[in-house]
1. Need the failing condition index for Lys132 against (1) modelled with pLDDT of 90 or more; (2) under 12 Å from the mean Cα position of the chain (by Cα); (3) part of a loop (DSSP other than H, G, I, E, B), just the number.
2. Quick one: is Ile131 under 25 Å from Gly25 (Cα atoms) and hydrophobic (A, V, I, L, M, F, W, C)?
3. Tell me which of these Gly93 doesn't satisfy, since it passes every other one: (1) at pLDDT 95 or above; (2) buried (at least 17 other Cβ atoms within 10 Å of the Cβ); (3) in a loop (DSSP other than H, G, I, E, B).
4. Look at Gly47 and say whether it is over 17 Å from the mean Cα position of the chain (by Cα), under 28 Å from Trp89 (Cβ atoms) and either at pLDDT below 60 or not in a helix (DSSP H, G or I) (or both).
5. Being touching a His at 6+ places or on another chain (Cβ under 9 Å), closer than 23 Å to Pro20 by Cβ, hydrophobic (A, V, I, L, M, F, W, C) and at pLDDT 90 or above narrows it down to one of Val108, Val67, so name that one.
6. List the number of the failed condition for Ile99; all other conditions in (1) in contact (Cβ under 8 Å) with a residue 40 or more places away in the chain; (2) in contact with a strand residue (DSSP E or B) (Cβ under 7 Å, 6 or more places away or on another chain); (3) not charged (D, E, K, R) hold.
Amino acid sequence: MFDLMQNDEPDTRSEQECFPDIDHGVEVAGDRVLVQLRREKSTSKGGIILVDETRQTLRFNETVAKVRQIGKLAYKSPEDLTPWVEGPWCNEGDLVRTIKYGGDRFIVQPDDEGSPVVFITIQAREVISRIKSFEHAQKMKAFVD
């Protein structure tokens, strides 16, 4: 069985493999942010094909995401719509860490017949941190312990 706690090896997939460009079919509203979770792996670091149950666990425990869309009211004062003093916490295309639970999750099956892609619509404040680079994201565990 694949041990999620021992996933210390970097994810060697490309950014395109982790975050394929697909039509998510929604337009985010208000102060929400749409993120695309990193696509789960289909094989373990040793090359073993992962069973569907393990892949689903990886899919829904993922916290590394790519920002795909930001609502027009995100990172603005609700009183007068002025931008936050510190600016937006993220921009479209940024890699981020997000909440493990919550948000409105939905799955899109891409045309490449690979693993499904999970999107989450979250509140702007639920972006926990911005990841400096894809290389840093490759070294991150799939979920927060």
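1. (2)
2. On the way: under 25 Å from Gly25 (Cα atoms): no; hydrophobic (A, V, I, L, M, F, W, C): yes.
In short, no.
3. Here Gly93 meets the rest and fails (2).
4. Numbers: over 17 Å from the mean Cα position of the chain (by Cα): yes; under 28 Å from Trp89 (Cβ atoms): no; either at pLDDT below 60 or not in a helix (DSSP H, G or I) (or both): yes.
Against the criterion (over 17 Å from the mean Cα position of the chain (by Cα), under 28 Å from Trp89 (Cβ atoms) and either at pLDDT below 60 or not in a helix (DSSP H, G or I) (or both)), Gly47 does not qualify.
5. Details: Val67 fails: touching a His at 6+ places or on another chain (Cβ under 9 Å).
Being touching a His at 6+ places or on another chain (Cβ under 9 Å), closer than 23 Å to Pro20 by Cβ, hydrophobic (A, V, I, L, M, F, W, C) and at pLDDT 90 or above holds for just one of Val108, Val67, which is Val108.
6. Among (1) in contact (Cβ under 8 Å) with a residue 40 or more places away in the chain; (2) in contact with a strand residue (DSSP E or B) (Cβ under 7 Å, 6 or more places away or on another chain); (3) not charged (D, E, K, R), Ile99 violates only (1).
The values are calculated or read from the model by the stated rules, or taken from the named source; none is laboratory data. Predicted model only: the values in this text are computed from it and were never measured. Reconstructed Cβ throughout: ideal geometry from the backbone, glycine too, with neighbour counts over all protein chains shown.
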